[in-house]
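Read through the structure below, which is laid out as structure tokens, and then see the notes.
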Amino acid sequence: MLIANRGEIAVRIIRACKELGIATVAVYSDADKNALFVKYADEKYNIGPGPASQSYLNKEKIIDVALKCNAEGIHPGYGFMAENADFAKLCKENGIEFIGPPVGAMELMGSKIDSKKSMIEAGVHVVPGVTEAISDHERAKEIANEIGYPIMLKASAGGGGIGIQMVDSDEKMNTTLESIRRLAKNSFGDDAVFIEKFIKDPRHIEFQVIGDKHGHLIHVCERECSVQRRHQKLIEETPSCALTPELREEMGKQAVLVAKTAKYYNAGTCEFMFKDGKYYFLEMNTRLQVEHPITEAITGIDLAREQLRVASGLELEYEQEDIKPRGHAVECRINAEDPLNNFMPAPGKIIRYAEPSGPGVRIDSGVYQGFIIPPFYDSMIAKLIIWAEDRSRAIARTKRALWEFQIGGVRNNIPFHTVVMNHSQWVKGEYNTSFIPKYKILDQVVEYVKAQKAQSSAPKIAAAMAGVQAYISASQG
């Protein structure tokens, strides 16, 4: 098995392969030559310089390595090649199993316009909007006024929060439409943009689905991902505080319907917006999600292992009635970023690294003490995954683990997670995607960091002053 990815997800997949007795191959850039996933793999091949465009996004080079080492399959992880239908086609053309969904499902879900059309026909609840690509300003204004401002302009091929912009008036439509089309063209090679109704302050809830090549499809519960910054998730939990058992069952059935409509197999995630008891299908991510470990924590199902079994042609080991979640789980994404510099990425050398442990604590990481975090990729250091018998104990355990987590040499967002875990709205479970700006969480984090710095420097200042006083006294004596 070749892993066409890096960092903690590469380590995660290698571990699943080891347990199944599958030999692993790592591909790595110059910047990752000393990375943990490279050390863990049975074989390793350098595929180019640090920039992803010259290494991890080089389809032909990855395929060449796979053929050279006789890899039977390629696992793309998430990001990079994970939702690249052209790469999946290349794998198939070269007799290599792509550990993911069929190309048709990827192509359908890779286009938000086409997928929305299919879901409407299948009877899936979707966000109000249109299923046509918009390029004309006047047509865009006409549609926006029919739907009612505010609306969202969205890149059809977009992902990861990129290519999404809210517009609240005709005056802003011209410039915003042009900038989104430009961004979409540069980022995804496709300038198609469509319009959806902007749903103010929703909750973001997603359902994990998994299916085999024999037509069996189930959902594996939901995750709430409403704590976001710039449309990117920072904290996830399961189960969601917002859902009743009846809604959970209904939305789970919708998620399975989405997957069946796409003729899907392997692991994927159906994302919904939820507000005032109503839900709307948003999109499907045709890959393993960053936050998959919390689903594993409450169900006991190893999703990476299931991916490998499905790719091997085996049937799912579970029926829908077998999925019986237990307890509560929370995931915090620990990133190298500077709270005192607008939370900008802060790559560098880790000079101290001590992970928390104890009951219900899991760390998925690809770093170690002495590792240099490269500037070319996502700034994630680790994922802190917590399980406990109920939500209040999960929060308490998360706070303890954050206190125990020691990272030195690089700025990180542990203070952010600490502030959130202590916030009353989070504790009550009454939050949505506007949680961070509404309660000025980032400002609170900055104040917290400043207070911590002042507190930690106080003993040093006191010791220095005592030394000065002693010197003065000795001199006077």
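None of the figures in this text is laboratory data; all of them are computed from the coordinates on show. Remember, predicted model here, so these are calculated numbers, not experimental data. No Cβ is skipped: glycine too gets one built from the backbone with ideal geometry, and neighbour counts run over all protein chains shown.
Using the Cα gyration tensor of the stretch 131-195, with a ≥ b ≥ c the square roots of its eigenvalues, what is the shape: rounded (a/c below 1.5), prolate (a/b larger than b/c) or oblate (neither)?
It comes out prolate by the Cα gyration axes.
Kindly identify the stretch 156-260 as rounded, prolate or oblate by the Cα gyration tensor criterion: order the square roots of the eigenvalues as a ≥ b ≥ c, call it rounded if a/c is under 1.5, otherwise compare a/b with b/c, prolate if a/b is larger, else oblate.
prolate
For n ≥ 4 DSSP H runs only, could you compute -39500 (n - 2.57) per run for the chain, divide by its residues and tell me the 222 nm figure to the nearest 500?
My calculation for the chain gives -12000 deg cm²/dmol from helical runs alone.
So, how do all the Cα-to-Cα distances of the chain break down into 10 Å bins, in percent, from 0 on up?
Distribution as computed: 4, 18, 28, 27, 14, 4, 2, 1, 0, 0 percent.
Toward the positive end of the charge dipole of the stretch 203-446, about the Cα centre and with charges on Cβ (Lys, Arg +1; Asp, Glu -1), which of 243, 426, 304 goes farthest?
Value computed over the given set: 426.
Quick check: the distance between the Cα centres of the stretch 44-81 and the stretch 233-247, to the nearest angstrom?
Taking the Cα centre of each part, the stretch 44-81 and the stretch 233-247 sit 36 Å apart.
Exposure proxy check: 269, 131 ranked by fewest other beta carbons within 10 Å?
Ordered by Cβ neighbours within 10 Å, fewest first: 131, 269.
Select from 445, 94, 179 the residue farthest towards the positive end of the dipole of the chain; place +1 on Cβ of Lys and Arg, -1 on Cβ of Asp and Glu, and compute about the Cα centre.
445
Report the calculated FRET efficiency for residue 392 and residue 168 (r = Cβ-Cβ distance, R0 = 51 Å), to the nearest 0.05.
According to the calculation, E is roughly 0.85.
Near residue 36, within a Cβ-to-Cβ distance under 13 Å, what is the net charge of the other residues, with Lys and Arg +1 and Asp and Glu -1?
Once all neighbours under 13 Å are counted, the net charge is +2.
Order of 371, 37, 435 from fewest to most other C-beta atoms within 10 Å?
Starting with the residue having the fewest Cβ neighbours, the order is 371, 435, 37.
With a length cut of 18 Å (Cα positions projected on each helix's long axis) and a Kyte-Doolittle mean of at least 0.5, go through the chain and give me the DSSP H helices that pass.
The answer, listed by residue number, is 7-20.
What is the sum of charges around residue 320, taking Lys and Arg as +1, Asp and Glu as -1, for the other residues whose C-beta is under 11 Å from the C-beta of residue 320?
With Lys, Arg at +1 and Asp, Glu at -1, the net is -2.
Just to verify a number: FRET efficiency for residue 69 and residue 263, C-beta to C-beta distance, R0 = 35 Å, to 0.05?
FRET efficiency, residue 69 to residue 263: 0.65.
Among the listed pairs 61/349; 197/278; 349/438, give every one whose C-alpha distance is greater than 26 Å.
Table pairs above 26 Å Cα-Cα are 61/349; 349/438.
Mind sorting 106, 1, 166, 152 by how few other Cβ atoms lie within 10 Å of their own Cβ, fewest first?
With the sparsest Cβ surroundings first, the list reads 166, 152, 1, 106.
Straight distance only, please: which aspartates and glutamates reach the Cα of residue 172 with their own Cα at less than 13 Å, same-chain residues fewer than 8 apart left out?
138
Leaving out same-chain residues fewer than 8 places away, which lysines sit with a Cα under 22 Å from that of residue 68?
18, 33, 39, 44, 59, 89, 92
Grab the other residues whose beta carbon is less than 14 angstrom from that of residue 348, score K and R as +1, D and E as -1, and report the net.
Here the charged neighbours net out to +1.
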